[in-house]
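**Student:** Take a look at this one; I'll ask things after.
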Amino acid sequence: MKAVVLLSGGMDSCVCTAIAREQHGSGNLALLHASYGQRTERREKRAFQEIANFYGVRERLTVQLDHFRAIGGSALTDPRIRVPEKELATPEEAGSAIPVTYVPFRNAHFLSVGVSWAEAIGAGAVYIGAVAEDSSGYPDCRPEYYRAFQELIRVGTRPETQIETMTPVIGMRKSEIVRRGAELGAPLHLTWSCYQGEEEACGRCDSCLLRLRAFAEAGVADVIPYRVRAASPS
């Protein structure tokens, strides 16, 4: 069965791709990348292409969702909003406070493109590397969000269409994702997580801090370049 995989270029989506490859084989993968006016747009797209090349996947789709920049409301798409540094939330805080790096309802847009493409090419699954635990507390990364979207797919596609939303890493901690990626030989060295830097990761935004902590807890070397590499992010 063919599967569409949403591949941002980050470590979660990279490991999600590795899992989809294990299930379906490289020849049955179709990789989708959505740029949306984020600060590290070019670097993430480069990571997408390099990961796709690593797996030898030829069926690729890149889309440009520029309306997110016009909508604003997120530090990732609005240069007037500062990206927080060295402010990693506790698990309790992550569950209650929505950070300024949240892009309003972003994953619904990504999934919509993925489902449209899946239906057009006859794919039976759309994979997304959403993570509920040990992440930034984004509301569109919760399991109930994807259960609701699955129902939307059912009522909004052709009667004969059968597309399942796959979230294989949603219940994992970041360190577990790193370990799983290492087990599968995923090219974590090609991934990019930083919200700010494109030449070097800043090492200070919450995405960098989560990544650094995950690699440290997993006991796996993170070889991407950092401007600042926290010894023990918390």
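The values are calculated or read from the model by the stated rules, or taken from the named source; none is laboratory data. Owing to the predicted nature of the structure, the values given are computational and were not obtained by experimental measurement. Reconstructed Cβ throughout: ideal geometry from the backbone, glycine too, with neighbour counts over all protein chains shown. The area values use the complete protein model at the heavy-atom level, side chains included, leaving out ligands, DNA and RNA. Shrake-Rupley method; radii C 1.70, N 1.55, O 1.52, S 1.80 Å.
**Student:** Tell me yes or no: at least one residue of the stretch 182-199 is of a type in the set (A, V, I, L, M), out of contact with any Asp or Glu (no Cβ under 9 Å at 6 or more places or on another chain), at pLDDT 95 or above and under 21 Å from Arg43 (Cα atoms).
**Tutor:** Yes, the stretch 182-199 has at least one match.
**Student:** In the list Arg21, Arg42, which residue meets the criterion of being buried (at least 17 other Cβ atoms within 10 Å of the Cβ), farther than 26 Å from Gly137 by Cβ and under 19 Å from the mean Cα position of the chain (by Cα)? Quick ask: steps written out before the conclusion?
**Tutor:** Numbers: Arg42 fails: buried (at least 17 other Cβ atoms within 10 Å of the Cβ).
The unique qualifying residue is Arg21.
**Student:** Among the residues of the stretch 180-188, is any farther than 25 Å from Gln49 by Cβ and not hydrophobic (A, V, I, L, M, F, W, C)?
**Tutor:** Filtering the stretch 180-188 for residues farther than 25 Å from Gln49 by Cβ gives none.
No, because not a single residue in the stretch 180-188 is farther than 25 Å from Gln49 by Cβ and not hydrophobic (A, V, I, L, M, F, W, C).
**Student:** Is there a residue in the stretch 207-223 that is in contact with a His (Cβ under 7 Å, 6 or more places away or on another chain) and not polar (S, T, N, Q)?
**Tutor:** Of all residues in the stretch 207-223, those in contact with a His (Cβ under 7 Å, 6 or more places away or on another chain) come to 223.
Filter once more, so that each one left must be not polar (S, T, N, Q): 223.
Scanning the stretch 207-223, I find at least one residue that is in contact with a His (Cβ under 7 Å, 6 or more places away or on another chain) and not polar (S, T, N, Q), so the answer is yes.
A quick yes/no check of all residues on (1) surrounded by 24 or more Cβ atoms within 10 Å (Cβ to Cβ); (2) touching a helix residue (DSSP H, G or I) at 6+ places or on another chain (Cβ under 9 Å); (3) under 23 Å from Glu22 (Cβ atoms):
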{"residue": "Leu184", "(1), (2), (3)": "no, yes, yes"}
{"residue": "His189", "(1), (2), (3)": "no, no, yes"}
{"residue": "Cys194", "(1), (2), (3)": "yes, yes, no"}
{"residue": "Glu198", "(1), (2), (3)": "no, yes, no"}
{"residue": "Cys205", "(1), (2), (3)": "yes, no, no"}
{"residue": "Leu209", "(1), (2), (3)": "no, no, no"}
{"residue": "Phe215", "(1), (2), (3)": "no, yes, yes"}
{"residue": "Gly219", "(1), (2), (3)": "no, yes, yes"}
{"residue": "Ile224", "(1), (2), (3)": "no, yes, no"}
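**Student:** Looking at Glu151, Glu144, Glu164, Glu160 in this structure, which one is more than 30 Å from Arg227 (Cβ to Cβ), open to solvent by 60 Å² or more (accessible area, probe 1.4 Å) and touching a strand residue (DSSP E or B) at 6+ places or on another chain (Cβ under 7 Å)?
**Tutor:** Just one listed residue meets the conditions, Glu164.
**Student:** Next question, about the same structure. Can you confirm whether Tyr146 is touching a Phe, Trp or Tyr at 6+ places or on another chain (Cβ under 6 Å), on the phi < 0 side of the Ramachandran plot and hydroxyl-bearing (Ser, Thr, Tyr)?
**Tutor:** Values: touching a Phe, Trp or Tyr at 6+ places or on another chain (Cβ under 6 Å): no; on the phi < 0 side of the Ramachandran plot: yes; hydroxyl-bearing (Ser, Thr, Tyr): yes.
Answer is no for this residue.
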